[in-house]
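Peer 1: Got a structure for you, questions after.
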Amino acid sequence: MRPDTTYDYLQRARHEKGAGFIVLIDPDRLAEEDLPRFAAYCAEAEVDALFVGGSLLHAIAFDQYVQRLKAACDLPVIGFPGSLSQLSGALDAVLYLSVVSGRNPEYLFGQHVYAAPLIRRLGIEPISTAYMLVESGRATTAQYMSHSMPLPRNKPDVAAATALAAEMMGMRLLFTDGGSGAEHPVPEEMIAAITETCAAPLVVGGGLKTPEEVARKVRAGASFIVVGNAIEKRPDPGYVTELAAAAHLAVPKPF
């Protein structure tokens with residue numbers, strides 16, 4: 001039986017397993033008819049939750065998409081919205097994202113004003129999340145769409161100060177992301193600097209492809225690992241199982 005909130009469930013999963021493993025589903029890249037098969041092998045691989053959303057959304061029936069995903073498995077389905085069109089009452093929760101790595105007011109607070117009444121009306125659990133894009137070696141869709149300059153990957157102190165400010169403002173999750181298809185993942189030095197400075201759980205995503213990379217990020221201090229693009233390119237149940245196991249078996253420790 002799950003705790004009262006999806007956030008509580010996530011917290012329990014990461015405390016019990018060492019770290020949580022989350023698969024990101026982009027509706028533009030995974031067809032609706034493929035959801036039952038995909039969700040089944042995520043559940044079998046002991047994935048802890050599913051994020052759904054993307055920087056763009058060409059799929060028009062988002063609510064129907066989420067409902068079909070929910071019907072296919074018992075995993076929590078959490079919105080990772082790139083726009084207001086990516087909200088559905090079928091979601092268990094939504095990451096209420098503020099792009100704190102940039103200075104674009106629309107993605108720091110502007111869009112949130114429009115989203116808040118809709119989230120309340122739909123009855124979705126909001127999880128306030130400080131989203132930090134990290135320089136990854138190439139311009140990503142998230143960076144382009146949010147007009148956000150990423151954090152320099154060689155400046156862990158800047159990342160730690162940014163995360164601390166977000167935590168002091170009440171953010172419940174910190175999320176460092178290289179962006180979809182990132183050339184280089186978030187450095188372990190940056191992960192360690194943030195987790196040594198902040199108490200809030202840290203989510204790490206972008207550019208992770210191997211179990212070894214996943215384990216290194218967890219050992220550096222990541223509370224949750226998110227993989228999307230690599231699984232899209234290699235939709236193999238055994239591969240997903242290996243990635244999830246690497247997150248669950250790696251015991252976090254100072255870098």
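The values are calculated or read from the model by the stated rules, or taken from the named source; none is laboratory data. Model, not experiment: these values are computed from the prediction. When we count neighbours, we look across all protein chains shown, and the Cβ atoms used for this are built from the backbone with ideal geometry, even at glycine.
Peer 1: Go through the residues of the stretch 63-70 one by one and say whether even a single one is charged (D, E, K, R) and part of a loop (DSSP other than H, G, I, E, B). Let's see the steps before the verdict.
Peer 2: In the first step, residues of the stretch 63-70 are kept if they are charged (D, E, K, R); the result is 63, 68, 70.
Subset that is part of a loop (DSSP other than H, G, I, E, B): none.
No, every residue in the stretch 63-70 fails to be charged (D, E, K, R) and part of a loop (DSSP other than H, G, I, E, B).
Peer 1: Kindly provide the set of residues from the stretch 2-36 that are more than 23 Å from V214 (Cβ to Cβ) and not in a loop (DSSP other than H, G, I, E, B), ordered by number.
Peer 2: Initial filter on the stretch 2-36 (more than 23 Å from V214 (Cβ to Cβ)): 2-5, 8, 27-28, 31-36.
Residues satisfying the conditions are D8, E32, E33, D34, L35, P36.
Peer 1: Continuing with the same structure: Among the hydrophobic types (A, V, I, L, M, F, W, C), touching a Lys or Arg at 6+ places or on another chain (Cβ under 8 Å) and either buried (at least 22 other Cβ atoms within 10 Å of the Cβ) or free of Cβ contacts under 8 Å to residues at least 60 places away in the same chain (or both): does that describe V47?
Peer 2: Values: among the hydrophobic types (A, V, I, L, M, F, W, C): yes; touching a Lys or Arg at 6+ places or on another chain (Cβ under 8 Å): no; either buried (at least 22 other Cβ atoms within 10 Å of the Cβ) or free of Cβ contacts under 8 Å to residues at least 60 places away in the same chain (or both): yes.
No; evaluated as a whole, the condition is false for this residue.
Peer 1: Moving on to the next point. Among the candidates M171, M149, M145, single out the residue that is on the phi < 0 side of the Ramachandran plot and buried (at least 18 other Cβ atoms within 10 Å of the Cβ).
Peer 2: Details: M149 fails: buried (at least 18 other Cβ atoms within 10 Å of the Cβ); M145 fails: buried (at least 18 other Cβ atoms within 10 Å of the Cβ).
So the residue among M171, M149, M145 that is on the phi < 0 side of the Ramachandran plot and buried (at least 18 other Cβ atoms within 10 Å of the Cβ) is M171.
Per-residue answers, yes or no, for (1) charged (D, E, K, R); (2) closer than 21 Å to D177 by Cβ; (3) out of contact with any Ser or Thr (no Cβ under 6 Å at 6 or more places or on another chain):
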{"site": "V77", "(1), (2), (3)": "no, yes, yes"}
{"site": "G110", "(1), (2), (3)": "no, yes, yes"}
{"site": "V113", "(1), (2), (3)": "no, no, yes"}
{"site": "R121", "(1), (2), (3)": "yes, no, yes"}
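Peer 1: Report whether or not M169 is modelled with pLDDT of 95 or more and not β-branched (V, I, T).
Peer 2: Numbers: modelled with pLDDT of 95 or more: yes; not β-branched (V, I, T): yes.
Here the answer is yes, as M169 does meet what is asked.
Peer 1: State the number of residues belonging to the stretch 32-90 that are more than 26 Å from R14 (Cα to Cα), within 18 Å of the chain's Cα centre (by Cα) and of a type in the set (A, V, I, L, M).
Peer 2: So the answer is 3.
Peer 1: Which one of these is closer than 15 Å to L24 by Cα and buried (at least 23 other Cβ atoms within 10 Å of the Cβ): L208, L202? Spell out the reasoning first.
Peer 2: Values: L202 fails: closer than 15 Å to L24 by Cα.
Within the list L208, L202, the selection yields L208.
Peer 1: So, one more: I'm trying to understand the selection: among the residues of the stretch 130-172, which are hydrophobic (A, V, I, L, M, F, W, C), within 22 Å of G54 (Cβ to Cβ) and part of a helix (DSSP H, G or I)?
Peer 2: If the condition is that a residue be hydrophobic (A, V, I, L, M, F, W, C), within 22 Å of G54 (Cβ to Cβ) and part of a helix (DSSP H, G or I), then A142, M145 are the ones that fit.
Peer 1: For the stretch 179-202, indicate whether the set of residues that are touching a His at 6+ places or on another chain (Cβ under 9 Å) and not hydrophobic (A, V, I, L, M, F, W, C) is non-empty.
Peer 2: So in the stretch 179-202, the residues touching a His at 6+ places or on another chain (Cβ under 9 Å) come out as none.
Among the residues of the stretch 179-202, not one is touching a His at 6+ places or on another chain (Cβ under 9 Å) and not hydrophobic (A, V, I, L, M, F, W, C), which makes the answer no.
Peer 1: Within the stretch 213-239, track down each residue that is farther than 21 Å from C42 by Cβ and surrounded by fewer than 22 Cβ atoms within 10 Å (Cβ to Cβ). Reasoning before the result, please.
Peer 2: Our first condition is that a residue be farther than 21 Å from C42 by Cβ; within the stretch 213-239, this holds for 216, 219-221.
Once the filter is applied, which keeps residues that are farther than 21 Å from C42 by Cβ and surrounded by fewer than 22 Cβ atoms within 10 Å (Cβ to Cβ), the stretch 213-239 yields R216, R219.
Peer 1: Right, something else. Only one of R2, R120, R103 is of a type in the set (D, E, K, R), over 21 Å from Y144 (Cβ atoms) and at pLDDT below 95. Can you tell me which?
Peer 2: Numbers: R120 fails: at pLDDT below 95; R103 fails: over 21 Å from Y144 (Cβ atoms).
Going through R2, R120, R103 in turn, the sole match is R2.
Peer 1: Can you tell me which residue in the stretch 1-17 is surrounded by the most Cβ atoms within 10 Å (Cβ to Cβ), limited to those that are within 21 Å of T129 (Cα to Cα) and either of a type in the set (F, W, Y) or touching a residue at least 40 places away in the same chain (Cβ under 8 Å) (or both)?
Peer 2: Keep residues of the stretch 1-17 that are within 21 Å of T129 (Cα to Cα), which gives 3-15.
Okay, now just the ones that are also either of a type in the set (F, W, Y) or touching a residue at least 40 places away in the same chain (Cβ under 8 Å) (or both), so 5-7, 9-11, 14.
Values: T5: 13, T6: 20, Y7: 20, Y9: 20, L10: 25, Q11: 16, R14: 23.
Restricting to residues being within 21 Å of T129 (Cα to Cα) and either of a type in the set (F, W, Y) or touching a residue at least 40 places away in the same chain (Cβ under 8 Å) (or both), the top hit is L10.
Peer 1: Could I ask something else about it? State all residues of the stretch 18-44 that are buried (at least 22 other Cβ atoms within 10 Å of the Cβ), touching a Gly at 6+ places or on another chain (Cβ under 8 Å) and not hydrophobic (A, V, I, L, M, F, W, C); if no residue qualifies, say none.
Peer 2: Matches in the stretch 18-44: P27 only.
Peer 1: Which residue, of L122, L151, L118, L173, is within 24 Å of Q11 (Cβ to Cβ) and over 14 Å from the mean Cα position of the chain (by Cα)?
Peer 2: Numbers: L151 fails: within 24 Å of Q11 (Cβ to Cβ); L118 fails: within 24 Å of Q11 (Cβ to Cβ); L173 fails: over 14 Å from the mean Cα position of the chain (by Cα).
Only one candidate passes the filter, namely L122.
Peer 1: Would you please list the contacts, defined by Cβ atoms under 9 Å and residues six or more apart or on different chains, that run from a residue in the stretch 102-117 that is of a type in the set (F, W, Y) to a residue that is modelled with pLDDT under 95 and not in a helix (DSSP H, G or I)?
Peer 2: Close Cβ pairs satisfying both conditions: Y107/H147; Y107/S148.
Peer 1: I'm trying to understand the selection: among the residues of the stretch 56-74, which are surrounded by 20 or more Cβ atoms within 10 Å (Cβ to Cβ), touching an Asp or Glu at 6+ places or on another chain (Cβ under 9 Å) and not basic (K, R)? Please lay out each step first, then the result.
Peer 2: We begin by selecting, within the stretch 56-74, every residue surrounded by 20 or more Cβ atoms within 10 Å (Cβ to Cβ); these are 62, 65-66, 69-70.
From what's left, touching an Asp or Glu at 6+ places or on another chain (Cβ under 9 Å): 65, 69-70.
The answer is Y65, L69.
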